[in-house]
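The values are calculated or read from the model by the stated rules, or taken from the named source; none is laboratory data. Predicted, not measured: the structure shown is a model, and the values here were computed from it. Backbone-built Cβ (ideal geometry, glycine too); neighbour counts: all protein chains shown.
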């Protein structure tokens, strides 16, 4: 077995990380684990929150796992720029179908980032991050079935971080310039 890593440009890495953040198959798998016959669980709200969780923690994982890497800031900025572009498209589509109501999806991402980071900062001395993220996720979904929803949030958090870590461990990100 070799420890040789594949070279990746910032653009290539952003493409992969955007794919991680937007992976619909992972979201569908997590939704399929939820009970279909439980009226307390709003699967539409859960799906929306899972997508936001994946985006937030893909970006967070880049900064966390690349803490000392010289390309960290460049990659993180490029990833968030990609999410901003994606959000603009979603906002335009959603606003067109919302009877004149302007929708800013990137603001929703920012708000969720603040929410998760604030929860982690407030609880990290006494709690496992997966518990904090799971509880926060459950609250964001309406906390109608806290145990089931927290478990879904925990799983998606761990899955997202693991996927980003595996990817970053297999590539050497080349700085632009």
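Looking only at residues of segment 32-50 that are assigned to a helix (DSSP H, G or I) and without any contact (Cβ under 8 Å) to a residue 60 or more places away in the chain, we find that the one that is surrounded by the most Cβ atoms within 10 Å (Cβ to Cβ) is 47. Residue count for segment 147-177 under the criterion of being farther than 30 Å from residue 6 by Cα and surrounded by fewer than 15 Cβ atoms within 10 Å (Cβ to Cβ): the result is 1. Remark: residue 13 matches the filter, which requires a residue to be in contact with a strand residue (DSSP E or B) (Cβ under 7 Å, 6 or more places away or on another chain), assigned to a helix (DSSP H, G or I), buried (at least 17 other Cβ atoms within 10 Å of the Cβ) and touching a residue at least 40 places away in the same chain (Cβ under 8 Å).
The condition (being farther than 13 Å from residue 168 by Cα and crowded, with 19+ Cβ neighbours inside 10 Å) is satisfied by just one residue among 86, 79: 79. Within segment 138-149, no residue that is on the phi > 0 side of the Ramachandran plot and in a helix (DSSP H, G or I) sits with its Cβ atom under 7 Å from a residue that is surrounded by fewer than 20 Cβ atoms within 10 Å (Cβ to Cβ) and modelled with pLDDT of 85 or more at 6+ positions apart or across chains. Among the listed residues 92, 61, identify the single one that is more than 30 Å from residue 145 (Cβ to Cβ) and either part of a helix (DSSP H, G or I) or free of Cβ contacts under 8 Å to residues at least 40 places away in the same chain (or both). When all the criteria are applied, what remains is 92. Of the residues in segment 71-79, at least one is outside any helix (DSSP H, G or I), in contact with a strand residue (DSSP E or B) (Cβ under 9 Å, 6 or more places away or on another chain) and closer than 22 Å to residue 16 by Cα. Here residue 118 meets each of (1) exposed (fewer than 13 other Cβ atoms within 10 Å of the Cβ); (2) in contact (Cβ under 8 Å) with a residue 12 or more places away in the chain with one exception, condition (2).
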